[in-house]
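Here's the structure we're looking at; comments come further down.
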Amino acid sequence: MGILNITPDSFFDGGKYLTSKQTITQIELMLSQGANIIDVGAFSSKPGSKLVSYTDEKQRLTPIFKEIAKKFENVIFSLDTFRSEIAKEFVNDYGVGIINDISAGELDANMFKTIAELNVPYIIMHMKGTPENMQNNPVYNKNIELEIIEYFAEKVAKLNQLGVNDIIIDPGFGFGKTLEQNYQLLNKLDSFKILDLPLLVGISRKSMITKLLNNNAENALNGTTILNTIAIQKAANILRVHDVKEAKEVIDILNFLQ
């Protein structure tokens, strides 16, 4: 899954893909490098960031999707949004194929019902609080992996009751987790097999790499590749990445070994 942030303030590539030409060029590059899904997001969810308004999110997404929906008719686009109205509009109007919700329905009470109506795959991510406050001393009452598995089990049960079965889970690395908690979670990632659902991992260039290695996002590609390798070995099915070529090479090598 290649990341396309059409935002001015994302932690790594903010401001790079704001025009239709820039986004089309980046999509073509990621597809040529082996991306199977393009994940488009119009707001930053980095620690401390405030949620953008519905109006701002829609105004950023609409001109981009008017172009890319026509040009890339056979490409699977996922939309990174927590708003049910945005999800509904862009699935119905532009053929978005997957909804990627960082809040797993916590930030919009209508999201689960909307996903049931839209009948598209739904990615639910674990996050404590909101991006603005999620890193304010996150505490877990049990083993972190057990608490998150229980969280997902409850969400999945509610979705199943609504007829939603095409669900992908994302443990939410960096979303309400300390450095140590992130690595505890990575080490126990294979525990999520118990849910019998596809597992998405988004570690690309995150602070769990830069804080440990004392570098920055621009220099975190090697660390990203190492963690992506571990994630696949521990049962990840989808890698959400900024650097598609390098992630695809990880997948190809591990597949060859198997």
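The values are calculated or read from the model by the stated rules, or taken from the named source; none is laboratory data. These numbers were taken from a predicted model, which means no experiment stands behind them. Counting neighbours? That spans all protein chains shown, and the Cβs are built from the backbone with ideal geometry, glycine included.
Numbers for the structure displayed
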{"read-out": "Looking only at region 117-135, and only at residues there that are touching a helix residue (DSSP H, G or I) at 6+ places or on another chain (Cβ under 8 Å) and more than 12 Å from Leu159 (Cβ to Cβ), the one that is surrounded by the most Cβ atoms within 10 Å (Cβ to Cβ)", "value": "His126"}
{"read-out": "Candidate set from region 145-204 (those that are modelled with pLDDT of 95 or more and of a type in the set (Phe, Trp, Tyr)); member that is surrounded by the fewest Cβ atoms within 10 Å (Cβ to Cβ)", "value": "Tyr183"}
{"read-out": "Pick from region 1-40, criterion of a type in the set (Asp, Glu) and modelled with pLDDT of 95 or more, ranking: surrounded by the most Cβ atoms within 10 Å (Cβ to Cβ)", "value": "Asp39"}
{"read-out": "Some residue of region 136-144 being touching a Ser or Thr at 6+ places or on another chain (Cβ under 9 Å), under 19 Å from Gln181 (Cβ atoms) and surrounded by 14 or more Cβ atoms within 10 Å (Cβ to Cβ)", "value": "yes"}
{"read-out": "Matching residues, region 217-241, being at pLDDT 95 or above and assigned to a loop (DSSP other than H, G, I, E, B)", "value": "Ala220, Lys234, Ala236, Asn237, Arg240"}
{"read-out": "Residue within region 70-82 that is closer than 13 Å to Asp39 by Cα and either small (Gly, Ala, Ser) or modelled with pLDDT under 95 (or both) present", "value": "yes"}
{"read-out": "Number of positions in region 83-116 that are in contact with a helix residue (DSSP H, G or I) (Cβ under 9 Å, 6 or more places away or on another chain), surrounded by 21 or more Cβ atoms within 10 Å (Cβ to Cβ), among the polar types (S, T, N, Q) and not in a helix (DSSP H, G or I)", "value": "1"}
{"read-out": "Out of Ser78, Ser44, Ser53, sole residue that is surrounded by fewer than 20 Cβ atoms within 10 Å (Cβ to Cβ) and either of a type in the set (Phe, Trp, Tyr) or in contact (Cβ under 8 Å) with a residue 60 or more places away in the chain (or both)", "value": "Ser44"}
{"read-out": "Filter result for Lys211 (surrounded by fewer than 16 Cβ atoms within 10 Å (Cβ to Cβ), more than 22 Å from Ala104 (Cα to Cα) and either modelled with pLDDT of 95 or more or polar (S, T, N, Q) (or both))", "value": "yes"}
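Yes/no matrix, rows are residues, columns are (1) under 16 Å from Arg240 (Cβ atoms); (2) of a type in the set (Ser, Thr, Tyr):
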position	(1), (2)
Ile38	yes, no
Phe65	no, no
Phe72	no, no
Ser78	yes, yes
Asn92	no, no
